[in-house]
Amino acid sequence: MTIERLEEAGLQWPCTSIDHPGTPILHKGKFSRGIGQFSTVEYRPLAADSTDKEYPFILTTARKLYQYHTRTMTGRIDGLNYLLGEERIQISPQDAEALELTPEDTVRVTSRRGSLETKIQITDRV
């Protein structure tokens, strides 16, 4: 793969040689287990992660477009920090209103495992 070839029309990895046309469909043909086999499992909440009066919210991590791996690697890159310079906890408009939070607020988030202070982002995105 060369920059010239990428700029020309783009390439789909893998390319096995300098002039390889690319691989737009990676998995094609016969599959050892058949095509798209899925199975279902019954949801069981972990007792330590259940909500209760003391911990009424479920906290989960999110993927961010401009940062990766809790910023341990990408947090060192000035260009990415310009695009996303700090993390914020996301909270729904309904929960923010119930807690009387505004977009300018900083909150302390405490779980059974630890605590931190962070700014908030009010959003209806899941």
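Values quoted throughout were computed directly from the atomic coordinates according to the rules given, and no laboratory measurement underlies them. Every value quoted in this text rests on a predicted model; they were computed, and no experiment measured them. Positions of Cβ are generated from backbone atoms using ideal geometry, with glycine treated the same way; all protein chains shown enter the neighbour counts.
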Looking at (i) 13.7; (ii) 8.2; (iii) 7.5, which value of mean projected area of the Cα convex hull in nm² comes from a calculation on the structure shown? (i)
Label-point separation, Thr102 to Thr72 (7 Å along Cα→Cβ), nm: 3.8 nm
Could you compute the FRET efficiency for Asn81 and Glu117, with r as their C-beta to C-beta distance and R0 at 22 Å, rounded to 0.05? 0.70
Return the distance in nm (one decimal) between the two label points of a simple spin-label model at Ala47 and Glu8, each offset 7 Å from Cα along Cα→Cβ. 6.3 nm
Per the helix-only model, the chain has a calculated mean residue ellipticity at 222 nm (DSSP H runs of ≥4, -39500 (n - 2.57) each, divided over all residues, rounded to the nearest 500) of -3500 deg cm²/dmol
Residue separation between Ser92 and Ala62 times 0.36 nm, minus their alpha-carbon distance, gives in nm 9.4 nm
